[in-house]
C-alpha cells in the first residue's frame, strides 16, 4: 500500500513585476508517495525553483500562490498561517538549498544550528538534541562529529557544508525533503558522494524527496519519477525509465539530444540544438508554450491549451498534439541522425 | 609535423595568502610545476575540481599572471617578455560567465570592435563592417550592434564574447568553462559553434572545464589536474577508455550520464578535497586514493611517460626507472623534497627487495 | 562552407531583444522615483534663484537702509510688513529675500567647488588603490587614515586663523579635507569591478592600464561616484554654514546663509524669522541634494535592475 505524502493539484504562482504579471507556474499537478523520489527538471527560468518555494510557502511577497489542492500527509496546508507553516518546516517538510554557504548562519556553530532545528519542534533536552546531531553528522559521513559541532560554517568546505545541511534537514525525521539544486555548487566527485548519500538516507529513513535540478544526468540516476518543466508547465511526466528511454515531448527529445554523452555521442560531431529562447512568461499564453522553438510546430499547436496524452501505459504522459506513434518516429529519426 | 604553439615548462604560481588571524601568510602553490605542450590544431582539455589550479594556469598562459617560476612560451616567444599586443593577436580567452565578461556599459558594437581599436587597426572605416561579419559568423543578428549586453540572453552574450575573441583572427583560444554558466540547450549551440569556428579558422583550443562530458566531446587530448599538478595526460580516446591514475578513474566514475537505472556511483573518494595551503605529503592524492600504498604518503610520485602521454602515480613506477624520472622531473619548487625522496625511494626498494627475499 | 552558413547552421533565426536599452530603462526609473523628482525640483528652484539672483532680486544685498531695519516678512501681522520686502529686512536694513538669493549662489558655489576638488582627489586615490592594490593600496590607506584622524572643523579653524578667511580659502580647505568618503567608496567599487571578467578580457586584448581604468572601470563606478558627490556637496554646504556661523567662513558683508544665521542669533528670541528663513533654506537645499543622491543610488543600484 503506497502512502501519499504530497498531493498537488493545479498549483499556480503569479509574480507581480513592473512589466505585468509573470505567470511563473501555471497549474501543475503532481504527487509524491512515501519513499519516492520525484525529480523536477528544467532550464533556468522554467519555474522549478518557484515551485519548490511555493510548497514551503517561502515565496517573495510579490508572488501569489493558488492551488485546488495542496495536501501534505492528507492535510490541506494551503490556508496554514505563518506560525503553522513554521511548525511544519524543518519538522515534516525540510528544504536543502543550492548554496550551502548562504543557507547556514555564519554567526552560530553548526552544533548550535543543528540542535536548534530540533529544539524548535520537539520537546527534547539539549543533550538529546546534541546526540541526535552527532548521530546524523556521522550518518552523512562526517568524521569526528562531536568535534565538528563546535565549528563555524566558514571552517567547512562546500561539500561538508552541504552534508551539514542534509543532516540539519534530517534532525526531526521529515516526511518530505525538497532539495533545490543541492549539488550544483559542488565538484563532480563531491556531487556523486552527496547524491549517493541522499539516496542511502532516503532508503534508510523511508523519506520522500523532491529533487529540483537542471542536470539530466542526476535525474536519470536518482529519480523514480520525472517531471520535465518548461515555461511554467510540466510537458512530460513518467518514470525515469520511460522519460529517458522513450522521451515523447519534442522538448525532452531536444534536451536529451543537446548533451554530449561519453561513449554515445560521436566525438566532435554536431550536437542537437533547440533553437530560439524561452518565451516570456509575462501575460497570457496561448497554445503550446514550446511552439516557438519546436521543429514540428503546426497550426493546431497555437490553439487553446494542449492536453496531456498517454505515451505508454503506466503514467507516462506528455503535453503535445503529436500522437505517441508520431513522436516515437521523430525520436527514431533524431537518434539516427 | 605539427608544431607547439604553447609551451609551458615547469610553471609554478605561488600565492601568499593569509592563513588566519595573526598567523601571517602562507604560500599556496596554485600551480606546482606544470609542463604542457599545446600542438597546433589540437583541442587540449584541462579537467579538474575547483581549486586544482586550472584557471590559474589559463591566466598564466594568457599573460594575465606572471608565473612564479618556469616559463611559458607562445609560438616560441616567452609570454611575459613580448609586447602584450603581440600576445593578444595570437591568443584570446573566452570566459565562463557571459554576464560578467562583457562590460555592461558598452554597446555590442563597441565590445566587438575594441580589439581592432586596441591593436591600432589601420582602417577604422572597415571596423563596423568587419564586426558585423564576425557577428554573423557567430550567429548574432547585426541589428544587436547598438544594443547593450543586458538586452541579450546568456547564449547571445557568449556569442558576443566569442566574436570579440576571434575578430583579430588569433591562432589559439583559451576557453575557461565556456558553457558552464549556460543552459543545456544553449550549451550545445555554443559547443557546435566552437567546433564550426575551429574548422573554419584552423584554431587551436584549450578547453578548461569541470564537465567531463564536454571535454570528452570537444578535446583531442586531455590533461587531468589535481592540486596544482597535471597527474595524467593522454589523448581523449585512451584517457576515457582506460584511465590510469586513480584520480582520473574516480573523476570519470563520477560523471552522471543520463542513463536511468544505473544509480549514483560510489567513487570511494572518502575524504574531502584537501586544503591547498597544507597539501598532503607524498602524492597529494593519497588520502582519497582507493589504491593507496605505503610509499604514497612518503614520496612524491614519479612521472611515468607512456605512448599516449604520461601518468604521475606510484602504481606504475615498477616498470619505469624511478631515479632517472625523478631527476628529469626537476621540480623547482620542491627540489629538496625530490632529492630527499630519491633517497627514500632507494631505501624503500631495498626494503621491498628484503621482503621478497624473505618470501 | 561559406561564412554565412556557419552562423545559420548553429543558430536559430527567431531571436529577440529581451529588454529596452539601459538608457531607456534608467529614464523610466528616474521619472518614477519620488525622491529624485522632488529633490531635483527643489534643487532646480534653488539653482535658478542663484543664477538669476541679479534679475529677480527686489533689492541689493549690500544696501543698508538703517531706518528700515527689522521689517518682518509680509505674512506677519504687523503694520511694518510690506511687499517691498517680502521676507523683511535684517538688523542693518538689508532686504532679506535678496540676501537669500545671493546666499544661494555662495552655498552652491562652495558646495560644488569643494565637492569637485575632493572628488578629484578622492576618486584618483580610491581608483588607484582599488585597481593596483598591494603597495599602492597600503600607501593610500595610510594617507586616508591620516586624513581621518584630522578633525575637519579644527583644521579649518587653524588654517583660517593662519591665512585669514575668504571664499577661496573656505573652498580649498573643505575640498582638501572631505575627500575621504570618495576614496573609500571608489576604492571598494573599483575592487569589485576589477575582478569581473570583462576587465580580464580587456587585459587579454592588450589594453593599456589607462584605457582599462578609463573605459572599462570608470563607466561602471560612475553611479557610485554621483551618489557620493551629492552627499559630499550637501556635507560641504553644511560645513560652510557651520564655519560661517563660527565667523571663520565667509566674511561679512557677503550674504552666506550660515552667516545670516550667525548674524541673527542675537535676535533669536525677538525676531525668530531672521534665523528661521536662512535655516530653512539650508535645510531645503541639503535635503533636496540628499534626496537626489539617495534617488540616484536607488535607480542605479544593481538589485534594482529588472
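What follows draws every value from the coordinates through simple rules; no lab data is involved. Since the model is a prediction, treat every value here as computed from it, not as a measurement. Neighbour counts run over all protein chains shown; Cβ positions are idealised from the backbone, glycine included.
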| task | Any chance you could get the radius of gyration and Dmax over the Cα atoms of segment C:110-207, in Å? | result | 16.5, 54
| message | Could you sort the peptides C:69-79, A:4-14, B:184-194, B:202-212 by per-residue average Cβ neighbour count (10 Å cutoff), highest mean leading? | response | B:184-194, B:202-212, A:4-14, C:69-79
| Under a plain spin-label model, where a point goes 7 Å from the Cα along Cα-to-Cβ, how far apart in nm are residue C:287 and residue C:172? | 3.6
| request: Quick one: plug the Kirkwood hydrodynamic radius of segment C:24-304 (C-alpha pairs) into Stokes-Einstein at 4 °C, 1.567 mPa s, and report D in µm²/s. | output: 62
| Between residue A:21 and residue A:143, what FRET efficiency follows from the Cβ-Cβ distance if R0 is 56 Å, with the result rounded to 0.05? | 0.65
| request: Kindly state, to the nearest 0.05, the FRET efficiency for residue C:270 paired with residue C:31, given R0 = 56 Å and r defined as their beta-carbon distance. | output: 0.75
| What order do you get for B:55-61, C:30-36 when each peptide is scored by the mean count of other beta carbon atoms within 10 Å, highest first? | B:55-61, C:30-36
| What would the Debye formula give as log10 I(q)/I(0) at q = 0.11, 0.15, 0.19, 0.22 Å⁻¹ for the alpha-carbon point model of segment B:177-311, no solvent? | -0.49, -0.87, -1.22, -1.42
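Give me Rg/Rg_expected for segment A:243-336, where Rg uses Cα atoms only and Rg_expected = 2.2 N^0.38 Å with N residues.
Against the compact-globule rule of thumb, the ratio is 1.16.
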| query | Which number do you get for Rg(Cα) / (2.2 N^0.38 Å) in segment A:64-217? | reply | 1.04
| field | Relative contact order (%) - criterion: Cα under 8 Å, at least six apart; region: chain A | value | 20
| segment B:218-280 - Rg over Rh from alpha carbon coordinates, Kirkwood radius | 1.01
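Beyond 23 Å, what share of the Cα-Cα pairs of segment A:132-232 remains, rounded to the nearest whole percent?
27
What fraction of the Cα pairs in segment B:115-192, stated in percent, has a spacing above 21 angstrom?
Within segment B:115-192, distances greater than 21 Å cover 30 percent of Cα pairs.
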| How many Cβ atoms of partner chains, on average, are near each residue of B:114-123 if near means within 10 Å of its Cβ? | 3
| task | Could you pull the Rg and Dmax for segment A:97-165, using just the Cα atoms, both in Å? | result | 11.3, 32
| request: Over all alpha-carbon pairs of segment B:1-123, lay out the pair-distance distribution in 10 Å bins, whole %, shortest bin first. | output: 11, 33, 33, 19, 4, 0
| note | Taking segment A:6-147, the whole-percent share of alpha-carbon pairs separated by over 23 angstrom is 47
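Which value in deg cm²/dmol, rounded to the nearest 500, describes the helix-derived mean residue ellipticity at 222 nm for the protein assembly as shown, given -39,500 (n - 2.57) per DSSP H run of n ≥ 4 and division by the residue count?
-13500 deg cm²/dmol
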| task | Compute the Rg/Rh shape ratio of the protein assembly as shown: radius of gyration over Kirkwood radius, all on alpha-carbon atoms. | result | 1.04
| query | How many Cβ atoms of partner chains, on average, are near each residue of B:137-143 if near means within 10 Å of its Cβ? | reply | 4
| task | Extending each Cα 7 Å along its Cβ direction at residue A:128 and residue B:259, get the distance between those two points in nm, one decimal. | result | 4.8
| Measuring from the lowest to the highest alpha carbon on each principal axis, how far does chain A reach, largest first, in angstroms? | 66, 48, 46
| request: Give, in nm to one decimal, the length gained when the segment between residue A:120 and residue A:323 is fully stretched (0.36 nm per residue of separation minus the Cα-Cα distance). | output: 67.9 nm
| remark: Taking a crude spin-label model, label points 7 Å out from Cα along the C-beta direction, the residue C:116 to residue A:108 distance in nm is 5.5
| field | For segment C:168-304, diffusion coefficient by Stokes-Einstein and Kirkwood Rh (Cα), 37 °C, 0.692 mPa s, µm²/s | value | 186
| said: Test of understanding: what is the full-extension gain from residue A:99 to residue A:87, defined as 0.36 nm times their sequence separation minus their Cα-Cα distance? | reply: 1.9 nm
| note | Per-residue average of other protein chain Cβ atoms inside 10 Å, peptide B:207-214 -> 3
| task | Evaluate E = 1/(1 + (r/R0)^6) for residue B:83 and residue B:268, where r is the Cβ-Cβ distance and R0 equals 56 Å; express this FRET efficiency to the nearest 0.05. | result | 0.65
| request: Report, largest value first, the span of the C-alpha coordinates of chain B along each principal axis, in whole Å. | output: 82, 54, 54
| task | Ratio to report: Rg/Rh of segment A:244-298, with Cα atoms as the point set and Rh obtained by the Kirkwood method; give two decimals. | result | 1.05
